[in-house]
Structures are given as structure tokens and as C-alpha cells.
Amino acid sequence: MKRLLRRLTSLFCLGLLTFGLLSACSRNANYKVTSSQQPTEDCRIVQHAMGETCIPINPQRIVTLWTTILGNTLALGIKPIASTYYTGEPFPKYLQDQVDGIEFIGNLTEPSLEKILQLKPDLVLANSRLDNIYDPLSRIAPTVIMSFPIPPPPWKQQLIELAKVLDKQEVGQKLMDEYWQRIETLKQALDNRRNQIQVSVASLSPEYGIWAYGEKSSAGTVIKDIGLQRPPAQRGDFYVIENISEERLSDIDGDVLFFLVRGEKGAKEMLQNLQQKPLWGQLKVVQQNQIYFVDAGHWHSLDILAMNAVIDDLFKYLIND
């Protein structure tokens, strides 16, 4: 009963906030419901997960409401005025030197509509996890909702689709060409080793335990593009193996193990406990001392900047170490 009351209270508050925002938008001629607009010299129609929207030809005040969209927008040469991020986690290191001047407007799942309204954006970019607030967003500014099912779309597809929305197809293609050039360079540096090394990718956290990542995960696609081999348990067109028990630690074994961490104290304590287990010591990767701890911030992400950071790690640990 208490949970139901809290839910009703939250919905009531959200309704009041939405009503206030819509009232403010309706009193200001600068904010229009974009679904009824037609293409003009200043805007063009784009299709997205929630229909069609007429967006500015050259938007100057873009708000991004997902980290992947933020990363890809930056890579395409556009700096948003504001964005969201996971407020309970460290900000991704691979983006830190590119976000000066960008205002942060709340959690990925709960952006501040009030702050967005105050910023007067001319374009809002979000994904379908926020389709429940599409209506108030579209009354603040032209809003494009990118499709984001679970598991998420391939990172390459997300870059291509956003480049199309922003009319930056040539820049997007250049980014992909540069990505493939880096893949080829790494292939040549590895030579025949890439056909022999089994690369394992796993994460460790007190909240989710131990997970392993398949070929469909974002970093898994990079490893596959290079032609590196995967341990038997991580081969196949799937995203993740959840909640690996201590009895199944062999699922994360290999010649090299990239352990994804976020610098959490709890993860370090879990690792210390694992190191005391007999099965841990039996892993080949442990015996050969080939475990590398890497930042989950970019190995988990789905934008081109993150994937280049993954390639940086592969160069660092497989070639230069």
C-alpha cells in the first residue's frame, strides 16, 4: 500500500510539473509542437522513434539526454550546451577533456525538464528510454528520439543514425574510415598472434557480481573486427552472460582478461575475496598474470569515442605492455 501511495504521489507531481512546463511553453511563441510543422528554409523533417519532427537546418543549442548521444555528437563536431549522465557514477574519463562548458541537467533517466526549458534549446536528442516525456520535451524544442531497445543497437548503427539526423553523414563516414584504419593498424601489429590469443572480457561489481561479454557487446564487436579469438563461453551472437558464479569462473578464463571496473571499493573487495578461492588460482589467465583492469566507462559505452578508447587499451596491453 505504501509503495502504491508513493507511486501515485510521484505521478501526481510529474503531472503538475508537466502541466507547468506545457503552460510555460504555450505562452512563448519560441516553443512549438514540432509534429505539426512543415519543412521550410530553416528546418527539415527527420524520422525517428516517435514519428517525424522538423528540426533546425543548423542547430546551435543542442541538448543531449544520453551519454552515447553526447559522445557521438561531440565526435561529429558539435558541442551540446547541456547533457545528462549517471549521477551516481564517476563521469566517463574518455569524455572528461571534451565537456568543459556543457551544463549537466540531471540523471540519464530523470533529466530536469525545468532546466531544459530555461536553456532554450533549439534541438533535444534523446533515446526511447525517455519516450514517456517526449510530449513535454517536444513542446520545449524540436525533439528527436533515437530507438534504444534492450539489448541496445550496435554502436556503429547508432553513430550512422545520429549522423543522418544531424546532417553530418560525411563526418560520420570519415569517423568510421578512421576507425577501420586503426583496426587495420592493430591487426598488422598483432600479426599472427591475433589468431591465437583468446581475449576474455568481464566486469566485476558489488551490485551485479561477475558478468562476461559476448561478441554482440560494444567492445566485443571491436575485438571481433580485429579478428582476436574469444574463450568458448564468450563466443556467439549475444551481449552478456549475467551473474557468473564462482563455480563457473572458467567462463572468464583466457589468455588475456580485460576486467571492467569503475574504481569501486566494493569491486576491489570482491576481487580480494575471489583471489582466495581455489578455482581462481586455477585460471590460466591468473597463472600467467595477464589480467588488465580497464575503465568500464568506455568499455560499456556505445559511441565512437568510447570505441577508440577501447582500441587505445588494446594497443596498450596487447602491443606496448
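The values are calculated or read from the model by the stated rules, or taken from the named source; none is laboratory data. Please read these numbers as outputs of a predicted model, since none were measured by experiment. Don't worry about glycine lacking a Cβ; one is built from the backbone with ideal geometry, like all the others, and counts go over all protein chains shown. The protein model used for the area step is the full one, side chains on, heavy atoms only, and it has no ligands, DNA or RNA in it. Shrake-Rupley method; radii C 1.70, N 1.55, O 1.52, S 1.80 Å.
Just a few scattered comments:
- The range 57-84 residues that are on the phi > 0 side of the Ramachandran plot, paired with ones that are open to solvent by 10 Å² or more (accessible area, probe 1.4 Å) and not in a strand (DSSP E or B) (beta carbon under 6 Å, 6 or more apart): G77/V171
- For the range 131-171, a tally of residues being open to solvent by 70 Å² or more (accessible area, probe 1.4 Å) and farther than 30 Å from Q118 by Cα returns 6.
- Subset tally (residues that are open to solvent by less than 10 Å² (accessible area, probe 1.4 Å), assigned to a loop (DSSP other than H, G, I, E, B) and not polar (S, T, N, Q)) for the range 205-227: 1
- Flag if A126 is over 15 Å from the mean Cα position of the chain (by Cα), open to solvent by less than 10 Å² (accessible area, probe 1.4 Å) and either within 27 Å of R44 (Cβ to Cβ) or at pLDDT below 95 (or both): no
- Filter result for Q287 (open to solvent by 50 Å² or more (accessible area, probe 1.4 Å), under 18 Å from Q198 (Cα atoms) and either free of Cβ contacts under 8 Å to residues at least 24 places away in the same chain or among the charged types (D, E, K, R) (or both)): yes
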